[in-house]
1. Which of (1) near the ligand (Cβ under 8 Å from one of its atoms); (2) of a type in the set (S, T, N, Q); (3) open to solvent by 70 Å² or more (accessible area, probe 1.4 Å); (4) in contact with a strand residue (DSSP E or B) (Cβ under 8 Å, 6 or more places away or on another chain) is the odd one out, the single condition Thr82 does not satisfy?
2. Say whether the condition of being assigned to a strand (DSSP E or B) and among the acidic types (Asp, Glu) is met by at least one residue in the range 13-36.
3. Six or more apart or on different chains, Cβ atoms under 8 Å: show the pairs whose first residue is in the range 25-38 and open to solvent by 60 Å² or more (accessible area, probe 1.4 Å) and whose second is aliphatic (A, V, I, L, M) and near the ligand (Cβ under 6 Å from one of its atoms).
4. Ala76: away from the ligand (no atom under 14 Å from the Cβ), closer than 18 Å to Ile121 by Cα, modelled with pLDDT of 95 or more and of a type in the set (A, V, I, L, M, F, W, C), yes or no?
5. Would you pick out the residues in the range 95-104 that are open to solvent by 30 Å² or more (accessible area, probe 1.4 Å) and either closer than 19 Å to Asn26 by Cβ or in contact with a His (Cβ under 6 Å, 6 or more places away or on another chain) (or both)?
6. If you check Val74, Val51, Val58, Val64, which single one turns out to be of a type in the set (Val, Ile, Thr), crowded, with 16+ Cβ neighbours inside 10 Å, under 12 Å from the mean Cα position of the chain (by Cα) and under 17 Å from Val113 (Cα atoms)?
Amino acid sequence: MSWLKGMLDKEPPEPENPIGIVVIGNLEGDRVHDTPRDMVRKALKRNGFKVIDIGKDVPASKFVSKAKENNANVIAVSANTTPAKENIPKLDEALKNAGLKGKITVMIGGAAVKKPDADAIGAIFGKSKEEAVEIAKKAVA
Ligand code: B12
């Protein structure tokens with residue numbers, strides 16, 4: 001499977017002139033599901049974004065500090081387990097503490113979340129990598 005996956009979906013090169021910067025990770029409580037995040041990261045890179053991947057089981061505060069540090073346009077949160085979904089409100093808190101609330105696009109997807117979970121903190125829900133690309137492109141338009 002990993003051989004097949006590698007053949008089908010190679011890591012795209014870093015874009016030479018990125019159209020925007022995205023920080024992506026699996027929110028704290030999601031310690032294993034890197035496949036959905038990988039798919040979204042690769043789709044974003046293929047579409048011209050510089051993507052900073054901060055990995056799995058990442059606390060909300062780290063998403064925000066990495067976004068600030070890198071002057072990112074978008075925070076992309078993958079939440080594929082219920083414990084990760086329950087940590088979504090911590091993102092809102094971290095954004096407010098950093099003064100980034102309303103100033104950066106936050107998109108959320110993954111098997112454990114639905115639109116109302118994202119709506120609750122004023123984020124945008126995306127159900128696929130295609131929607132992730134669409135949302136990120138709108139954010140930098
Ligand atoms: C493969 C898999 C695993 C693998 C992970 C391998 C890996 N390296 O990724 C393994 C076996 C390790 C695993 C473990 C567990 N899993 Co699991 N797993 C799955 C499974 C079968 C497929 C996930 C997958 O890779 N799909 C392929 C991707 C490409 O498709 P996708 O998920 O639809 O992704 C798209 C969208 O979600 C979206 N998207 C994803 N992230 C983002 C982010 C943004 C910003 C946007 C816009 C879009 C977006 O774009 C993606 C690409 O188009 C799902 C069930 C399912 N059918 O989804 C369960 C599932 C996610 N797992 C589940 C669970 C419960 C677990 C465990 C907790 C089980 C356990 N009791 O131990 C553990 C996790 C432990 C932990 N602490 O985190 C549950 C979660 C339910 C919940 N609400 O909590 C699911 C839904 C199964 C189920 N029906 O119960 N799992």
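1. Only one criterion in (1) near the ligand (Cβ under 8 Å from one of its atoms); (2) of a type in the set (S, T, N, Q); (3) open to solvent by 70 Å² or more (accessible area, probe 1.4 Å); (4) in contact with a strand residue (DSSP E or B) (Cβ under 8 Å, 6 or more places away or on another chain) is unmet by Thr82, namely (4).
2. Taking every residue of the range 13-36 in turn, none turns out to be assigned to a strand (DSSP E or B) and among the acidic types (Asp, Glu).
3. His33/Ala111
4. Criteria not met by Ala76.
5. Of everything in the range 95-104, nothing turns out to be open to solvent by 30 Å² or more (accessible area, probe 1.4 Å) and either closer than 19 Å to Asn26 by Cβ or in contact with a His (Cβ under 6 Å, 6 or more places away or on another chain) (or both).
6. Values: Val74 fails: under 17 Å from Val113 (Cα atoms); Val51 fails: under 17 Å from Val113 (Cα atoms); Val64 fails: under 17 Å from Val113 (Cα atoms).
Step by step, each of Val74, Val51, Val58, Val64 is checked, and only Val58 is of a type in the set (Val, Ile, Thr), crowded, with 16+ Cβ neighbours inside 10 Å, under 12 Å from the mean Cα position of the chain (by Cα) and under 17 Å from Val113 (Cα atoms).
For (1) among the polar types (S, T, N, Q); (2) within 8 Å of the ligand (Cβ to nearest atom); (3) under 18 Å from Ile135 (Cα atoms), each residue gets a yes or a no:
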site: Glu14; (1), (2), (3): no, no, no
site: Val22; (1), (2), (3): no, no, yes
site: Met39; (1), (2), (3): no, yes, yes
site: Leu44; (1), (2), (3): no, no, yes
site: Lys50; (1), (2), (3): no, no, yes
site: Gly55; (1), (2), (3): no, no, no
site: Ala67; (1), (2), (3): no, no, yes
site: Ala72; (1), (2), (3): no, no, yes
site: Glu86; (1), (2), (3): no, no, no
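The values are calculated or read from the model by the stated rules, or taken from the named source; none is laboratory data. These figures come from a predicted structure and were not determined experimentally. Virtual Cβ from ideal backbone geometry, glycine too; neighbours counted across all protein chains shown. The protein model used for the area step is the full one, side chains on, heavy atoms only, and it has no ligands, DNA or RNA in it. Shrake-Rupley method; radii C 1.70, N 1.55, O 1.52, S 1.80 Å.
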